[in-house]
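Since the structure comes first, as structure tokens, the remarks are kept for the end.
Taken together, the values in this text are just the output of simple stated rules run on the coordinates, not laboratory data. None of the values given here were measured: they were computed from a predicted structure. Neighbour counts run over all protein chains shown; Cβ positions are idealised from the backbone, glycine included.
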Amino acid sequence: MMSGKEIEVVQNIFDENDRIASAINESLDKRGIFVINIMGAPGAGKTSSIINMVKGLPEEKIYVIEGDIESDIDTVKLKELGIETIQINTNGACHLDAPTIEKSLLELTINQPGILFIENIGNLVCPAEFQIGEHIKMLICSAAEGSDKPYKYPLAFEKANVILLTKCDLKEYVDFNDEFFLRGVRALNKSVPVFEVNAKTGTGFEEVSQWLRNKKN
Amino acid sequence: MHEYPITEQIVKIASEKAKENNARRVTRITLVVGEYSGFIGESIQMYFDIISKGTLCEGAVLEMENVKAKWRCPSCGIDYIRKPLSFACPQCGQDGEPTTIGKEFYVKNLEVET
Ligand SMILES: Nc1nc2c(ncn2[C@@H]2O[C@H](COP(=O)(O)OP(=O)(O)O)[C@@H](O)[C@H]2O)c(=O)[nH]1
Ligand SMILES: [Mg+2]
Ligand SMILES: [Zn+2]
Ligand SMILES: [Zn+2]
């Protein structure tokens, strides 16, 4: 006889991703690698900011996993600067997930402690959902995108451990409303540090590098 | 695009549960999908039809319970759905705090044939 029956499940669909992310984090942490998940919209200044942070942390061995495809500063440029970089072919995906990072780590030669920057795919929605083994999430937000970003993409701001407001040199041209922006950020995330920077000139990155140094140790 | 691996997870979770319960097939899967989980129902359904082929979940109906995100006012203690470009409490105007309501993304239950 055939009979229908209801089964309670209540299982989080992110569980497997999060499990792999924790394993990545644990294994890299043991090897002295501090992992930073860099999130932000396309063109926000993720790659430019990585380059500035690398310059500000000369004592650190730097590794980069490049998942972004929209950049005009690519893996070649990072490699030219002597940074150990691998490019992930993300085939039009909209975020990085833990299994993707697990695979790409097999290609990365890690021979000393340091910092691993993972540049996520340019998107403010789903990268915030997926843990990829990071110690911290860094949100790159540019003044050029406008001051309403926290209100439009609240999850990214809620989950960020640190925020860089890039392209501050463009504030005056785009009528950036500091008060409105910060009010939104504070409603979502009471304690997150917000650094104002210019990734073209490097202004503001000394403070960012110092913050990272303290955070890492 | 990103719904593909996620849908694989859904089929995996449902198939494992069905097996544990000695079910012959899954006829319905109910998901709870929060507004900020960033998942699009139609794409999950589309991938589901492909991925579930040949599994215990083939032919099952996917049901989705959507949950709107809510903010909580620390002064009034109420939960509310915010207005666009604002986090302000509708009662007192103070900015509320984010809650877990609207971030759900889980398989709630299944209906199976045994
Ligand atoms: N004026 C100005 N331009 C910037 C700044 N940061 C990045 N850019 C420019 O914005 C563009 C996109 O930067 P990129 O780092 O590739 O962004 P990504 O797509 O987030 O990696 C490049 O042309 C950068 O030179 C900044 O602080 N000020
Ligand atoms: Mg880039
Ligand atoms: Zn995605
Ligand atoms: Zn209130």
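A few remarks follow.
- Our coupling estimate for the range A:153-160, obtained by passing each phi through the Karplus curve with A = 6.51, B = -1.76, C = 1.60 and θ = phi - 60°, is 10, x, 4, 4, 6, 5, 8, 5 Hz, Gly and Pro reported as x.
- Over all other residues within a Cβ to Cβ distance under 11 Å of A:Asp18, the charged ones net out to -3, with Lys and Arg as +1 and Asp and Glu as -1.
- Contact order normalised by residue count of chain A, Cα under 8 Å, 6+ apart, percent: 25 percent
- Straight-distance crosslink candidates among aspartates and glutamates, where the alpha carbon sits under 19 Å from B:Lys68 and sequence neighbours closer than 8 are dropped: A:Glu129, A:Glu158, B:Glu35, B:Glu42, B:Asp79, B:Asp95, B:Glu97, B:Glu104
- Cα centroid separation, the range B:54-73 to the range A:73-152 (Å): 29 Å
- Per-residue [θ]222 nm for chain A (sum of -39500 (n - 2.57) over DSSP H runs n ≥ 4, rounded to 500): -9500 deg cm²/dmol
- Tail beyond 16 Å, pair distance distribution of the range B:3-113 (Cα, percent): 62 percent
- Most to least packed among B:15-25, B:100-110 [average Cβ atoms within 10 Å]: B:100-110, B:15-25
- Taken over the C-alpha atoms, the range A:16-146 has Rg and Dmax values of 13.6, 41 angstrom.
- Rounded to whole numbers, the Karplus 3J(HN,Hα) couplings from phi for the range A:75-85 are 3, 4, 5, 5, 5, 4, 7, x, 8, 5, 10 Hz, using 6.51 cos²θ - 1.76 cosθ + 1.60 with θ = phi - 60°, and x at Gly and Pro.
- Model label sites at A:Ala23 and A:Asn214, defined 7 Å from Cα along the beta-carbon direction, differ in position by 3.6 nm.
- Dipole magnitude of the protein assembly as shown, debye to nearest 20 (Cβ charges: Lys/Arg +1, Asp/Glu -1, about Cα centre): 500 debye
- Inter-chain shielding of B:103-114 (mean C-beta neighbours from other protein chains, 10 Å cut-off): 5
- Measuring against 32 Å, Cα to Cα, the residue pairs A:Lys77/A:Lys137; A:Lys137/A:Lys200; A:Lys159/B:Lys83; A:Lys5/B:Lys83 contain A:Lys5/B:Lys83 as the ones spanning a longer distance.
- The charge dipole of the range A:29-86, taken about its Cα centre with unit charges on the Cβ of Lys, Arg, Asp and Glu (plus for the first two, minus for the last two), comes to roughly 200 debye.
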